[in-house]
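Please read the structure below before turning to the comments.
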Amino acid sequence: MLSVVTTPQDLDERLRAALGALTAPEHRRDPSRPVADDAPLSGAQALELFDAQVVSRQLDLAGRWLRGFGEGFYTIGSAGHEGNAAVAAALRPTDPALLHYRSGAFYCVRSAQAARGGGLSGVEETPHGPTDRPGAGTAPGDDESGPAGADDGDHAALDDRAEVGEDALPQRPGTEAAAPHAADDEPDAVVVAGRPLAPGYADAARDVLRGMVASAREPIAGGRHKVFGRADLAVVPTTSTIASHLPRAVGLGLAVQRLRRLDGTGRRAGVSAGDATPAPPWPPDSIVVCSFGDASVNHASATAALNTAGWYDHTGLRLPVLFVCEDNGLGISVRSPAGWVAATLRSKPGIRYFAADGGDLVDAYATAAEAAAWVRRHRRPAVLHLSTVRLMGHAGADAETAYRSGAEIATDLERDPLLAAARLLVGAGLATGAELLARYDRIGWQVRRLAEEVLDEPKLADPAEVVVPLAPRRPARVARAVADAAARAAGPGAAARAEVFGGKPPELAGPLTLAQSINAALADGLLTHPHMAVFGEDVGVKGGVYGVTKGLRERFGVARVFDTLLDETSILGLGLGAGLAGMLPVPEIQYLAYLHNAEDQLRGEAATMQFFSRGAYRNPMVVRIAGLAYQEGFGGHFHNDNSVAVLRDIPGLVIAVPARPDDAAPLLRTCLASAAVDGTVCVFLEPIALYHTRDLHTDGDGEWLAEYAGPGEWTGTHVPVGRARVYGVGSAEDITIITFGNGVRLSLRAAETLAAEGVGTRVVDLRWLAPLPVADLIREATATGRVLVVDETRRSGGVGEGVIAALVDAGYVGAARRVAAVDSFVPLGPAARAVLVSEDAITQGARTLLAR
């Protein structure tokens, strides 16, 4: 049986002994009465929360048992954190939750809430409004009405500035729990040991066990990872141990608030555009909850998220997010200094602070309910600091006796939240120690049987099966979405489009630069997708540091084109949350070099969402990044970064690089349509040096300008993901140059020089760095048998390596050579020319290849 599972602390046997030793109560209490004087929980509710705690503990023990014979693959448990059951009970089952990995009891309660269509049995939500209870939450400089002096500036994006009072909050039938119930035919006692588990607890246990054994039937990740998540429970899967999900939670809070202003179809009242946001999956008065550990408070992701939440609150934006910091005092072996976490959380401007003892069910529930009600009423952020203990070490392989004394471990064992809950129940006359022990063992046997059942379930074994949800591609649907957008723009939306462009659409404006084409395509995108928002540093009032977003704010308003604070992690987090809520975010990272300190928001969060949820959740997004080198008279490596390896390494990420104006708009339309149709995460990498380039060969030739295609041409000029563009110079029979970005212009110039020497060249513009247009590469390489790869990124880890590998993998047997940038940062001034690819280097590389 599970009770023989031992740990360095013999947690199971110690708890069983302690339960059996509890003194029987003198009198039995009616379980419908409060569990203690003036307590917000009835005895029956406390018993149900105890069950959730026991299920969570038995799951931890089952995880160690499974691992003991090689059938379990995840042993980070929730032991000591079971007080988060009370936090779940204080919330609604429709409040989106992004959970810490020690959230077993929370998950059980949420499952039970969803199973019965409302709150925990008889649990009432704390009335809205301020409270006089000791320990009420506080925030530096806080008041009930929000920051004074907020205006209607750019930060109206994704939000509703109106003060929200209790009467203004729509209530969904079934989400407010009923008054405490009376026990069924048991005025003096409640059957404890044989009482059936609450609906949903067994389902939750099965979910978690399937995750532990990597079962393909696990309901959210399908065996790809052990996470807490289920769409029908409004639990969003996260894999974070270091708070990387907190920026997403902030973005989701802003998006949830914005969706309060939309009608049930996902459109603002009166908007009749055809591509509407799906109906919001959460009620309009939902709040977002995200939990994390105390050590994560120190991480840059947490600092960014908490700072951003306070920053938005300071500007007057509403942000209904409840942060829950579960503080066990340890980050694996590193202790959080005494008082540090509380001091850190209390000091966050604009974030109201609440604190509770996670070992005390009554206190944890009362405080969590108070915090949730405050956030729900005021639509402002708060943090609940929940003190906990960590039992059984960090994970199964962690021998914590190597860094903790026996006395310290024993002290934590005395604070075991299950034992504390049992003492509460026995002291209240609701159960005897023997009854609770029998209950503990009975649930243990049920969990053991479930564990044995899931052992034989299938596991992922085929690579194709593993990657199915990673990045779904439906090119026909994407093409149809582009065609539908064209039909709307030319038909029902023609008047609106004419108004937005001031009566002169871009297709009638004459040849445009790359920057102008992107600007026009963004405007058309905002017209096509009413749920699209463009945001980032300086994109609003200024119109972008290179003018690419100029005029968009004035035409579409501050709710859809707006400036953010200067923090790339938070910008991407805002996009992640908005995408999760059903919007189409288009965040801008001002320079490629600025991405690197926030890249995990793409790698660890954006790219994994569909993978770890089998498509149940998605975060469509098109991230615009100004990058690459060759800026004349400006820069250094921060403004001339040519490192894209970090992006090409992210599974499922789509990377587009427009070189010419007539490619920019079709590529951007494809990215937007792919995000909307398939939930794709795209990076739209814009070569800064080509933004305002007009000429190709000689000054004034205007050959780098191009006409903008009107809606009638969108279908014919559609560019599917992973298709290259080929230019023929001369006979185009002697050599194939494969390149992208700035390399396209350099290679076309070099090809003209070679043509004067009688050499015919095919210049292949990749256009897509991920996925590479392999079929086009093979066809064009085979056509000449000589390939020169011109790669403006670095020789080591650059795009050229991937191109050469693709050719080799496909069986290409002709000659090949590379010209690439030096493995160096891009220096300031003329020295940059020494490390970057030049036109002369391309010409010489081609001649060398031809001489073989």
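Okay, here's what the table says:
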| read-out | value |
| --- | --- |
| Neighbours by Cβ (under 6 Å, 6+ apart or cross-chain): first from segment 589-610, touching a residue at least 60 places away in the same chain (Cβ under 8 Å); second outside any helix (DSSP H, G or I) and of a type in the set (Asp, Glu) | 592/641 |
| Matching option when the condition is more than 14 Å from residue 391 (Cα to Cα), in contact (Cβ under 8 Å) with a residue 24 or more places away in the chain, buried (at least 18 other Cβ atoms within 10 Å of the Cβ) and not hydrophobic (A, V, I, L, M, F, W, C), among 53, 58, 45 | 45 |
| Subset tally (residues that are open to solvent by 20 Å² or more (accessible area, probe 1.4 Å), more than 19 Å from residue 621 (Cβ to Cβ) and over 24 Å from the mean Cα position of the chain (by Cα)) for segment 528-557 | 11 |
| Some residue of segment 344-366 being acidic (Asp, Glu) and open to solvent by less than 10 Å² (accessible area, probe 1.4 Å) | no |
| Pair list, Cβ under 6 Å, 6 or more apart: segment 786-815 residue part of a helix (DSSP H, G or I) and crowded, with 17+ Cβ neighbours inside 10 Å, other residue of a type in the set (D, E, K, R) and at pLDDT 95 or above | 799/791; 800/791; 800/818 |
| Unmet requirement for residue 67, which otherwise passes all of (1) at pLDDT 90 or above; (2) charged (D, E, K, R); (3) surrounded by fewer than 20 Cβ atoms within 10 Å (Cβ to Cβ); (4) assigned to a loop (DSSP other than H, G, I, E, B) | (4) |
| Hey, residue 840 charged (D, E, K, R), open to solvent by 20 Å² or more (accessible area, probe 1.4 Å), over 20 Å from residue 722 (Cα atoms) and in a loop (DSSP other than H, G, I, E, B) or not | no |
| Some residue of segment 81-104 being open to solvent by 10 Å² or more (accessible area, probe 1.4 Å), under 18 Å from residue 199 (Cβ atoms) and part of a helix (DSSP H, G or I) | no |
| In segment 230-245, the residues that are at pLDDT below 95 and at positive phi | 243 |
| Among residues of segment 744-757, those that are open to solvent by less than 10 Å² (accessible area, probe 1.4 Å) and under 15 Å from residue 695 (Cα atoms), counted | 3 |
| Only listed residue being more than 25 Å from residue 830 (Cα to Cα) and either open to solvent by 10 Å² or more (accessible area, probe 1.4 Å) or in contact with a helix residue (DSSP H, G or I) (Cβ under 9 Å, 6 or more places away or on another chain) (or both), chosen from 596, 637 | 596 |
| Answer from 388, 401, 411, 432 - the residue that is open to solvent by less than 20 Å² (accessible area, probe 1.4 Å) and of a type in the set (Val, Ile, Thr) | 388 |
| Top-ranked residue of segment 668-684 - restricted to ones that are among the aliphatic types (A, V, I, L, M) and surrounded by fewer than 24 Cβ atoms within 10 Å (Cβ to Cβ), ranked as nearest to residue 581 (Cα to Cα) | 676 |
| Members of segment 562-584 that are in contact (Cβ under 8 Å) with a residue 60 or more places away in the chain and outside any helix (DSSP H, G or I) | 562, 563, 565, 567, 581, 582, 583, 584 |
| Unmet criterion (only one of (1) in contact with a Phe, Trp or Tyr (Cβ under 9 Å, 6 or more places away or on another chain); (2) closer than 15 Å to residue 349 by Cβ) for residue 294 | (2) |
| Selected residue [of a type in the set (S, T, N, Q) and under 28 Å from residue 823 (Cα atoms)] from 782, 793 | 793 |
| Which listed residue is buried (at least 20 other Cβ atoms within 10 Å of the Cβ), of a type outside the set (S, T, N, Q) and within 30 Å of residue 466 (Cα to Cα), from 561, 622 | 622 |
| Residues (open to solvent by 60 Å² or more (accessible area, probe 1.4 Å) and under 30 Å from residue 759 (Cβ atoms)) located in segment 708-724 | 723 |
| Hits in segment 313-343 (condition: open to solvent by 10 Å² or more (accessible area, probe 1.4 Å) and among the aromatic types (Phe, Trp, Tyr)) | 340 |
| Any hit, segment 256-272, residues being within 15 Å of residue 94 (Cα to Cα), at pLDDT 90 or above and in a helix (DSSP H, G or I) | yes |
| Hits in segment 648-675 (condition: in contact with a Cys (Cβ under 9 Å, 6 or more places away or on another chain) and more than 19 Å from residue 506 (Cβ to Cβ)) | 653, 654, 655, 656, 674, 675 |
| Test: residue 774 is surrounded by fewer than 17 Cβ atoms within 10 Å (Cβ to Cβ) and within 29 Å of residue 654 (Cα to Cα) | yes |
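The values are calculated or read from the model by the stated rules, or taken from the named source; none is laboratory data. If you're wondering where the values come from, they're calculated on a predicted model, not measured in any experiment. FYI the Cβ positions are ideal-geometry reconstructions off the backbone, even for glycines, and counts take in every protein chain you see. The accessibility values were calculated without ligands, DNA or RNA, using every heavy atom of the protein model including side chains. Shrake-Rupley method; radii C 1.70, N 1.55, O 1.52, S 1.80 Å.
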